[in-house]
Amino acid sequence: MHHKVEVYFDGNCPFCCSVQAKLQQLDWIKKLSFVDFRNNEVNGIDIDALNQRMHVKNLSTGKITIGIYGIKTIFQRIPILMPLLPFLYLLIALGLGQICYDFVAERRLIVPVGHCTESECKLPENSADKL
């Protein structure tokens, strides 16, 4: 049986928050715990590394998996996502898993706290100014 894990996600990223909410809904056996690294102290993990890739910590062993390997760790704990594991293993084996993960992660939008109201978020004018 797989142990409970802690998933460190970016609370300033609307896409990340959306994925976190969906995973929480699918986690009916309560194997995932979520930590917004923007609003919580995360000991032992570099903030720059957290900004680049999601980290998942096994609460039993302390082992941390990163990026596509973190997704694999999550999928192993959510029964409804387990049928996707062979596809994920194939992507990893072909060397495409982390490339695909990084492609998405590098393009995620980050909305800093204080830039949003209930009806809108003010984003940088130029995509090069991405926060």
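Miscellaneous remarks
- Breaking point among (1) surrounded by 14 or more Cβ atoms within 10 Å (Cβ to Cβ); (2) out of contact with any Gly (no Cβ under 9 Å at 6 or more places or on another chain); (3) in contact (Cβ under 8 Å) with a residue 24 or more places away in the chain, for His2: (1)
- Every listed requirement among (1) surrounded by fewer than 17 Cβ atoms within 10 Å (Cβ to Cβ); (2) of a type outside the set (A, V, I, L, M, F, W, C); (3) modelled with pLDDT of 95 or more is met by His55 save one, (1).
- In the set (1) under 15 Å from Ile110 (Cβ atoms); (2) under 12 Å from the mean Cα position of the chain (by Cα); (3) not in a loop (DSSP other than H, G, I, E, B), Gly11 fails one condition alone, (3).
- Pair list, Cβ under 9 Å, 6 or more apart: the range 34-45 residue farther than 11 Å from Lys57 by Cβ, other residue among the hydroxyl-bearing types (Ser, Thr, Tyr): Phe34/Tyr8; Asp36/Tyr8; Phe37/Tyr8; Asn40/Tyr8
- Set Lys57, Lys72, Lys63: member being over 18 Å from Val19 (Cβ atoms) and in contact with a strand residue (DSSP E or B) (Cβ under 8 Å, 6 or more places away or on another chain): Lys63
- Leu59 being among the hydrophobic types (A, V, I, L, M, F, W, C) and either touching a Gly at 6+ places or on another chain (Cβ under 6 Å) or farther than 19 Å from Arg108 by Cβ (or both): yes
- Conditions (1) in contact with a helix residue (DSSP H, G or I) (Cβ under 7 Å, 6 or more places away or on another chain); (2) outside any helix (DSSP H, G or I); (3) among the small types (Gly, Ala, Ser): number failed by Ala105: (2)
- Any hit, the range 30-47, residues being modelled with pLDDT under 95, part of a loop (DSSP other than H, G, I, E, B), of a type in the set (Gly, Ala, Ser) and surrounded by 18 or more Cβ atoms within 10 Å (Cβ to Cβ): no
Per-residue answers, yes or no, for (1) over 19 Å from the mean Cα position of the chain (by Cα); (2) of a type in the set (Val, Ile, Thr); (3) modelled with pLDDT of 95 or more:
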residue	(1), (2), (3)
Ile64	no, yes, yes
Pro79	no, no, yes
Gly95	yes, no, yes
Ala105	no, no, no
Lys122	yes, no, no
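The values are calculated or read from the model by the stated rules, or taken from the named source; none is laboratory data. All values reported here derive from a predicted model rather than from experimental measurement. Quick reminder, even Gly has a Cβ in these numbers, built from the backbone with ideal geometry, and neighbours come from all protein chains shown.
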